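The values are calculated or read from the model by the stated rules, or taken from the named source; none is laboratory data. These numbers were taken from a predicted model, which means no experiment stands behind them. Quick reminder, even Gly has a Cβ in these numbers, built from the backbone with ideal geometry, and neighbours come from all protein chains shown.
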Amino acid sequence: MYQNLGKLYIVGDFNSRCSDTSDFIEGVDEIPSRETIDQGSNANGDLLIDFLVDCNICMINGRKGKQDFTCISKRGKSVVDYIFTTHENLNSCIDFNVKTMSDITDSLDLQECSQIPDHSVLQAVIKREASVPHNTLLKYPTNLKRIPNKPKSYQIPNDFLNDDNAREKIEQTINKIENALADRRDVDEAYSNLFQLINSEVISKIGHKSAHDDQHKITSRKSKYKPYWNENLQEHWRNACEQEKVWLKCKICGPKKKHLREHFVTARNDFDKLLRKEKRNYQLRQQKELFDLSKESNTRDFWRKIGKLGIAKDRHDKIPMKVRLPNGNISKDINVVYETWKNEYEHLFNTSDGEYDEGFLTFIQQQVDHDLVNNIENNSDTLNSDISYEDVEKSVYRAKLNKSTG
């Protein structure tokens, strides 16, 4: 149905184990046979094979690139995720690869995740035919500007823009800008002169970064999102990955393969238990630290610690620039958003008819006057007592640092 609209590719998890059953009509369809690593089969696999044969569609798995199991868990391993295409488009697929979750987790430093998916990621490189007329040479563009390297901002000398030549050029640039603004002329030339001055100073006194300048930033693979990660966890994770690879590469069916799977399950369970234990210990240490800080008279450190918790990190500082219209639709037009905010704030504390309940207003005024008279007649020892040394000390501790008075 969709083949006439363009090239057809189907990707997904089909929960189908097809074993080595052919997905084409042998002797009629001229396509290569596929490599099989999963010898299991189920009813969904039989239905999927019938669908592929009827629609002249075949699997890319096993015919291109590297093969691996697409579903790996403690219960077992299987191939249930596929990429399909038509027989005519099979040659358009150049490469195929399966990235297991252990490899992805290790490369992205996501070992602290409590739940890791079982299914692998399928990658395929597909050649796309461009509509270029015959006898047309594709020329590489020569007018592309090379992006300059970043300057070495971590080692700025003291004489940067501070020598006589630089000061003279800065004064000339300031005079040109003032004259241009006074005469209402374009300031592009003055800006270009200032840019050239700063650029020449950067090149002559600072220089640009090279490939080896960032080597000092390479640290361990410990992520800032998992402060409880340590070498012991890293070793257990590495052992679980190695046991998984050994189990997947085993082609022999029997007690040996079962023994390798048991090793993998044991290693993965040990890692999961140790990960939960280290996370609990880290949370207990954080709770104890907060409890100790709450007992101190200086509460600034306590609230500063609270502000660094994960809840504060998840707060969004940006205001969503979208509003809901009266018809229920969401509008992201900036003019509509501003106009809606303006109208809402204008009518926020304004009544529609402009009338007020005079009786309620009179009652509130009488209540306020009555409370003021009672407070004046009653003497308060707390308010009339002298300011003590402890009161001054508490006020000083509550005051913010580096803030102006008033």
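Would you confirm, using the coordinates I've provided, whether PHE69 is assigned by TED's automatic domain parsing to the domain that holds PHE24, in contact with a Phe, Trp or Tyr (Cβ under 8 Å, 6 or more places away or on another chain) and among the hydrophobic types (A, V, I, L, M, F, W, C)? In short, no. Flag: GLY40 does not match the condition of being within 30 Å of GLN234 (Cβ to Cβ), surrounded by fewer than 16 Cβ atoms within 10 Å (Cβ to Cβ) and not assigned by TED's automatic domain parsing to the domain that holds PHE264.
Of the strands (runs of 3 or more DSSP E) lying entirely inside segment 59-108, those containing at least 1 residues that are of a type in the set (Val, Ile, Thr) and crowded, with 17+ Cβ neighbours inside 10 Å are 71-73, 81-86, 93-99.
Among the conditions (1) at pLDDT below 80; (2) part of a helix (DSSP H, G or I); (3) surrounded by 12 or more Cβ atoms within 10 Å (Cβ to Cβ), the only one that GLN234 does not satisfy is (1).
Let's see how each residue does on (1) under 22 Å from MET101 (Cβ atoms); (2) of a type in the set (A, V, I, L, M); (3) in a helix (DSSP H, G or I):
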| position | (1), (2), (3) |
| --- | --- |
| GLN243 | yes, no, yes |
| TRP247 | yes, no, yes |
| LYS257 | yes, no, yes |
| VAL265 | yes, yes, yes |
| LEU275 | yes, yes, yes |
| ASN281 | no, no, yes |
| LEU284 | no, yes, yes |
| SER297 | no, no, no |
| ARG304 | no, no, yes |
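In the set LYS305, LYS258, only one residue is within 30 Å of PHE69 (Cβ to Cβ) and modelled with pLDDT under 90; that residue is LYS258. Against the list (1) touching a Phe, Trp or Tyr at 6+ places or on another chain (Cβ under 8 Å); (2) buried (at least 20 other Cβ atoms within 10 Å of the Cβ); (3) part of a loop (DSSP other than H, G, I, E, B), the condition PHE24 fails is (1). Filtering segment 382-395 to residues that are part of a helix (DSSP H, G or I) and at pLDDT 80 or above leaves TYR389, GLU390, ASP391, VAL392, GLU393, LYS394, SER395. Answer yes if at least one residue in segment 150-169 is modelled with pLDDT under 60 and under 22 Å from ASN193 (Cβ atoms), and no otherwise. Looking through segment 150-169, none of the residues is modelled with pLDDT under 60 and under 22 Å from ASN193 (Cβ atoms).
One line per residue, one yes/no per condition, for (1) assigned to a helix (DSSP H, G or I); (2) of a type in the set (Asp, Glu); (3) modelled with pLDDT under 85:
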{"site": "VAL337", "(1), (2), (3)": "yes, no, no"}
{"site": "GLU355", "(1), (2), (3)": "no, yes, yes"}
{"site": "ILE364", "(1), (2), (3)": "yes, no, yes"}
{"site": "ASP371", "(1), (2), (3)": "yes, yes, yes"}
{"site": "ASN374", "(1), (2), (3)": "yes, no, yes"}
{"site": "ASN379", "(1), (2), (3)": "no, no, yes"}
{"site": "TYR397", "(1), (2), (3)": "yes, no, yes"}
{"site": "LEU401", "(1), (2), (3)": "no, no, yes"}
{"site": "THR405", "(1), (2), (3)": "no, no, yes"}
